[in-house]
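The values are calculated or read from the model by the stated rules, or taken from the named source; none is laboratory data. Keep in mind that what you see is a predicted model, and the values were worked out from it rather than measured. Backbone-built Cβ (ideal geometry, glycine too); neighbour counts: all protein chains shown. Just so you know, the surface numbers come from the protein's heavy atoms only, side chains and all, with ligands and any DNA or RNA stripped out. Shrake-Rupley method; radii C 1.70, N 1.55, O 1.52, S 1.80 Å.
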Amino acid sequence: MDVEGEDKSDYLPIDQIVEEDTMDDLIRDRFRLSAISIAETEAKKNGMEIAAPVVACISDLAFKYAENVAKDLELFAHHAGRKVVNMDDVVLSAHRNDNLAASLRSLCNELKAKEPQSERKRKKGSAKREDKASSSNAVRIPDL
């Protein structure tokens with residue numbers, strides 16, 4: 001412990017922090033490049049031209065929206081007492097957009113229909129197992 005009473009073992013090593021920041025930047029940049037590519041492709045498909053500042057703005061908005069959705073999903077899972085985000089959380093995140101929610105529910109039902117019968121029976125047999133989502137529609141939330 002240091003003089004102020006803080007335990008230095010609670011802090012991450014600077015190398016790990018820099019590595020995480022670099023990974024965050026890489027993910028953000030790849031997301032933005034993908035959004036730019038999609039915007040330009042859609043503009044070409046529709047015979048339109050789109051200004052570079054508009055494309056940059058769209059990619060930034062898309063990234064910020066994705067960040068907010070990810071935070072919401074994490075909160076929904078934690079509120080339900082789970083460490084895993086599942087399809088129910090995704091559908092719940094779209095509650096303000098009826099069309100999107102309906103599309104997500106439809107997709108969820110299609111995925112459940114494609115799931116092997118033995119997998120569905122096993123999940124129904126145990127309440128605890130039902131809480132754990134299959135790897136095809138769940139994302140593990142790291143402990144904070």
Query raised in the report: Are any residues in region 57-78 without any contact (Cβ under 8 Å) to a residue 24 or more places away in the chain and either within 19 Å of R28 (Cβ to Cβ) or more than 16 Å from the chain's Cα centre (by Cα) (or both), and if so, which ones?
Result: C57, I58, L61, K64, Y65, E67, N68, A70, K71, D72
Query - Residue count, region 77-87 (criterion: surrounded by fewer than 17 Cβ atoms within 10 Å (Cβ to Cβ) and in a helix (DSSP H, G or I)) - result: 2
Report summary line: Here the residues within region 51-66 that are assigned to a helix (DSSP H, G or I) and open to solvent by less than 80 Å² (accessible area, probe 1.4 Å) are A52, V54, V55, A56, C57, I58, S59, D60, A62, F63, A66
Query raised in the report: Within region 102-125, restricting attention to residues that are of a type in the set (A, V, I, L, M) and at pLDDT 90 or above, which residue is surrounded by the most Cβ atoms within 10 Å (Cβ to Cβ)?
Result: L104
Report task. With respect to R32, determine if the residue is touching a residue at least 24 places away in the same chain (Cβ under 8 Å), charged (D, E, K, R) and outside any helix (DSSP H, G or I). Result -> no
Report task. Please give the number of the condition N99 fails out of (1) over 20 Å from the mean Cα position of the chain (by Cα); (2) modelled with pLDDT of 55 or more; (3) open to solvent by 70 Å² or more (accessible area, probe 1.4 Å). Result -> (1)
